[in-house]
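Data first, discussion second: the structure below is written as structure tokens.
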Amino acid sequence: YNHVYGKGKWKDFDPKDLLLTYNALKVLEARYLLKDPNTLRYIETPQMMFRRVAKYLASVELKYGKSESEVKALEEKFYEIMSNLRFLPNTPTLMNSGTRLGILSACFVIPVRDSMTTPEGDGIYDALRAMALVHQQGGGTGFDFSELRPKGDVVASTAGVASGPVSFMKIFDVSTDVVKQGGKRRGANMGVMHVWHAEIEDFINSKSGKLKDVQLQNFNISVGVYDYFMEKVERGEEVPLITPRKTRIPGTDHDYYINKARNYMSEEWVQEEILNELEEKGGAVWLDESKIITVDEALAIAEKEGAIIRWINARSLFEEIVKSAWDSGDPGLLFIDEINRRHPVWYLGKINATNPCGEEPLLPWESCNLGSINLEKFVKETENGKYIDWDGLAETIKYAVRLLDNVIDANKYPLKQIEQATKNTRKVGLGVMGLARMLIRLGIPYDSVDAIYLSYQVAKFIYYHAFKTSIELAKEKGSFPAYDPLRYHDIWESARPFEYLLEVTKVEGKPSEYVRKLTAIVDKLDFSELKAERIKYGLRNSTVVSVAPTGTISIIAGTSSSIEPLFALAFIRNVAVGKFMEIDPLFLEYLRKYELDNPEVVKKVAETGTVGENMFMPATIRKLFRTAHEVPPEFHLLHQAAWQQWNDSGTSKTINLRSEEPPETVERVYLMAWKLGVKGITVYRDKSKSQQVIYFGIKK
Ligand code: UDP
């Protein structure tokens with residue numbers, strides 16, 4: 001440009017803006033770049049946006065005693081990892097940093113108690129208000145509606161009849177629609193109901209059949225299931241449906257028996273301290289000679305209390321869930337036992353819900369801010385072959401975690417409960433994007449054992465370094481307030497080995513020499529040393545990792561989203577001024593290599609979006625560029641399970657299925673998911689909804 005525009009003429013123009021694709025610029029222009037509210041003229045370029053975020057988040061450190069020049073140096077580092085597109089924080093951080101609106105986090109879980117309003121601010125209409133405040137600024141909210149009594153149940157204060165959780169969810173849904181008109185982005189919700197709830201069948205069908213594409217359109221819904229329930233499914237036995245209406249047991253602070261019965265608490269994660277506490281609180285006898293009472297014993301008590309509405313066969317309930325998910329994609333499942341078993345700060349209470357896309361299981365009122373590393377940027381090619389730039393990755397992780405930790409201090413919280421809960425645990429979620437493209441660049445097909453191994457190893461590396469950074473931050477700035485060095489659960493102690501994942505999915509094969517060599521550095525990481533350091537120095541954040549969908553930030557970074565395979569290689573986009581053919585740039589690179597980049601070939605690919613069946617394509621291209629619907633469900637699941645093993649929060653993933661897959665496939669996937677130790681599962685069968693956002697190939 002110097003020779004085009006003259007030296008120094010364009011000093012405000014930063015060549016780093018040229019890293020951005022056309023689509024990235026369109027997205028930034030539409031929502032992210034700041035405008036003057038009076039003239040509506042843009043007042044920043046993309047680089048100015050990265051600068052704004054870097055400056056704002058670095059400035060937090062003045063409070064921790066850093067000097068002006070140290071803060072400036074950090075600002076440069078933050079700016080560098082963002083402007084090079086190696087790392088991007090989640091949308092609210094990009095949009096709101098340094099502006100009057102100050103919510104910087106994407107994920108929230110809001111409690112809903114069985115009351116219109118409560119003095120603590122967690123009744124139904126309190127939750128509705130909290131939701132509106134979060135949506136207004138671009139955050140997503142999750143709710144567990146299981147505490148609300150089922151429809152038809154009594155309402156003592158009015159001598160009336162309860163309308164039930166699904167009816168209240170409709171109000172949350174309409175409110176989301178209304179707020180989205182004025183907000184910065186569409187509000188998203190997760191609605192959870194646990195499987196023991198008396199209204200569970202209405203919930204399961206609330207978005208399917210004739211209600212598909214009609215009801216609860218701003219909600220993803222998930223059924224909270226327990227190991228106890230899944231075992232009953234396998235055996236075809238009966239389970240109770242329960243009303244959570246408080247039927248206080250005299251002499252207890254809380255109806256613990258009913259809680260226990262309805263939560264089917266599995267023995268392993270009910271630690272002794274919880275049990276002692278329960279005993280202290282009101283004489284509810286949980287221990288029978290230091291043993292937990294069995295679920296059956298607890299159920300007998302619930303029955304006596306009149307809390308059991310009826311019994312249902314677990315298998316048929318599960319089939320209803322499967323049928324509905326096959327029909328419309330909803331509901332997904334949340335594995336509540338797994339979530340709590342692997343929750344590092346389990347001693348703070350039980351997690352019952354996640355944010356909208358499932359990557360953040362959170363305690364009531366907690367929020368979490370996310371950010372993702374662009375894996376594609378760390379593939380290097382030399383004459384001697386391809387390799388992964390592990391040093392560069394470790395360096396990026398270090399600044400990314402620091403930046404995310406600063407977000408907690410820079411955040412302006414909409415409610416004091418959210419501020420308190422968030423600052424108590426200081427959860428941050430470092431995730432990834434561009435996995436599919438990293439694999440293609442390394443020449444590894446997404447649906448191969450090598451790819452799963454690579455996921456497993458990269459996830460382990462990221463977890464190690466993110467955790468290490470959090471220890472370093474604790475040395476400098478102190479641990480999160482709820483840190484308890486002895487009770488904190490180190491999740492690597494419960495990570496399943498790689499071979500186990502293949503065993504469950506019955507996928508055969510071994511990782512090749514090539515991928516073992518590529519990732520050999522990971523085998524040298526010493527987690528026991530990490531544990532010793534954590535105990536000695538503390539920990540800044542109770543969770544450090546989370547795999548988010550990266551729906552928009554992956555467009556800004558110009559890479560594939562999250563850990564998903566490519567969706568389509570070429571497609572036709574209808575816009576106001578006409579039809580455009582869009583082609584995946586990496587795919588185009590490969591076509592060029594094989595001298596196949598002519599319009600005829602591209603047009604042919606755009607008709608289906610895929611090349612898997614295209615016999616005229618070289619085999620390498622056909623294998624490397626398998627898209628979401630060509631990848632067998634087992635491999636979708638395996639990637640999710642591999643990332644989940646090295647993740648202290650959740651892993652967002654959609655198991656994309658071909659439209660002709662039968663309900664049995666959904667059933668198989670749901671059962672396998674439980675055994676693989678993922679925290680939740682969502683399927684989506686192609687064309688199962690009328691308003692699908694993206695179609696692959698030509699838009700039909
Ligand atoms: N989210 C939301 N509305 C949206 C998209 C996302 O509230 O339209 C929230 C939701 O909690 C989701 C999280 O943001 O789970 C992260 O989504 P994603 O990674 O796609 O966000 P990005 O940072 O890429 O915009």
*Interchain or long-range residues, amide H under 5 Å from Cys107's placed H*: Gly140, Cys368
*Using only Cα atoms, find the angle between the long axis of helix 314-328 and the longest principal axis of the chain, and express it within 0 to 90 degrees, rounded to the nearest 10.*
30 degrees
_Placed amide H near Ile312: partners under 5 Å, 5+ positions off or other chain_ = Val239, Leu241
*Using only the Cα atoms of region 570-624, build the gyration tensor, take square roots of its eigenvalues as a ≥ b ≥ c, and label the shape rounded, prolate or oblate: rounded if a/c is under 1.5, else prolate if a/b is larger than b/c, else oblate.*
prolate
*Does anyone have the angle between helix 599-608 and the longest principal axis of the chain? Alpha-carbon axes, 0 to 90°, nearest 10?*
0 degrees
*region 570-624: relative contact order as a whole-number percent, Cα under 8 Å and 6+ apart*: 32 percent
*Protein chains only, probe 1.4 Å: how do Cys368, Cys357 rank by accessible area, largest first?*
Cys357, Cys368
*Which angle between 0 and 90 degrees, to the nearest 10, do you get for helix 416-425 versus the longest principal axis of the chain when only C-alpha atoms count?*
80 degrees
*asked:* Tell me the per residue accessible area of region 570-624 using a 1.4 Å probe; a whole number in Å² is fine.
replied: 65 Å²
*By average Cβ neighbour count within 10 Å, what is the ranking of 114-123, 458-467 from highest down?*
458-467, 114-123
*Hey, which lysines would be in cross-link range of Lys423, C-alpha to C-alpha under 22 Å, not counting anything within fewer than 8 residues on its own chain?*
Lys55, Lys63, Lys66, Lys350, Lys398, Lys412, Lys468, Lys475, Lys477, Lys536
*Order by protection proxy (mean Cβ within 10 Å, highest first), peptides 376-383, 561-568, 431-438*: 431-438, 561-568, 376-383
*Grab the other residues whose beta carbon is less than 13 angstrom from that of Leu473, score K and R as +1, D and E as -1, and report the net.*
+3
*Starting at the first residue of region 212-228, write each ³J(HN,Hα) from the Karplus equation 6.51 cos²θ - 1.76 cosθ + 1.60 with θ = phi - 60°, in whole Hz, x for Gly and Pro.*
4, 6, 10, 9, 6, 6, 9, 10, 8, 10, 9, 8, x, 10, 10, 3, 3
*Net charge, Ala400 excluded, C-beta distance under 11 Å - Lys, Arg +1, Asp, Glu -1*: +2
_Counting only helical runs of four or more DSSP H residues, what would the 222 nm mean residue ellipticity of the chain come to if each run contributes -39,500 (n - 2.57) and the total is spread over all its residues?_
-12500 deg cm²/dmol
*When the accessible area of the chain is split by element with a 1.4 Å probe, what percent falls to carbon and sulfur?*
53 percent
*Sort Trp674, Trp646 by accessible area with a 1.4 Å probe, largest first.*
Trp674, Trp646
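Rolling a 1.4 Å sphere over the protein heavy atoms, what is the accessible area per residue of region 2-95, to the nearest Å²? Intermediate values should be presented prior to the final figure.
Details: 5420 Å² over 94 residues.
Per-residue value: 58 Å².
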*Rounded, prolate or oblate: which fits region 40-166, taking a ≥ b ≥ c as square roots of the Cα gyration tensor eigenvalues, rounded meaning a/c under 1.5, else prolate when a/b beats b/c?*
prolate
*Beta bridges per DSSP with both ends in the chain, % antiparallel, nearest 5*: 50 percent
*When the Kirkwood radius is taken over all Cα pairs of region 468-620, what Stokes-Einstein diffusion coefficient follows at 10 °C and 1.306 mPa s, in µm²/s?*
77 µm²/s
_Residues whose placed amide H lies under 5 Å from that of Met433, excluding near-sequence neighbours_ = Ile373, Asn374, Leu375
*Please turn the phi angles of region 51-56 into ³J(HN,Hα) values with the Karplus equation 6.51 cos²θ - 1.76 cosθ + 1.60 (θ = phi - 60°), one per residue in order, whole Hz, x for glycine and proline.*
5, 4, 5, 4, 5, 4
*asked:* What number comes out for accessible area per residue over region 425-493 if the probe is 1.4 Å? Units Å², please.
replied: 23 Å²
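The values are calculated or read from the model by the stated rules, or taken from the named source; none is laboratory data. Because the structure is predicted, anything quoted here is derived from the model rather than measured. All Cβ positions, even for glycine, are placed from backbone atoms using ideal geometry, and neighbour counts span all protein chains on display. Just the protein is used for accessible areas: all its heavy atoms, side chains included, with ligands, DNA and RNA removed. Shrake-Rupley method; radii C 1.70, N 1.55, O 1.52, S 1.80 Å.
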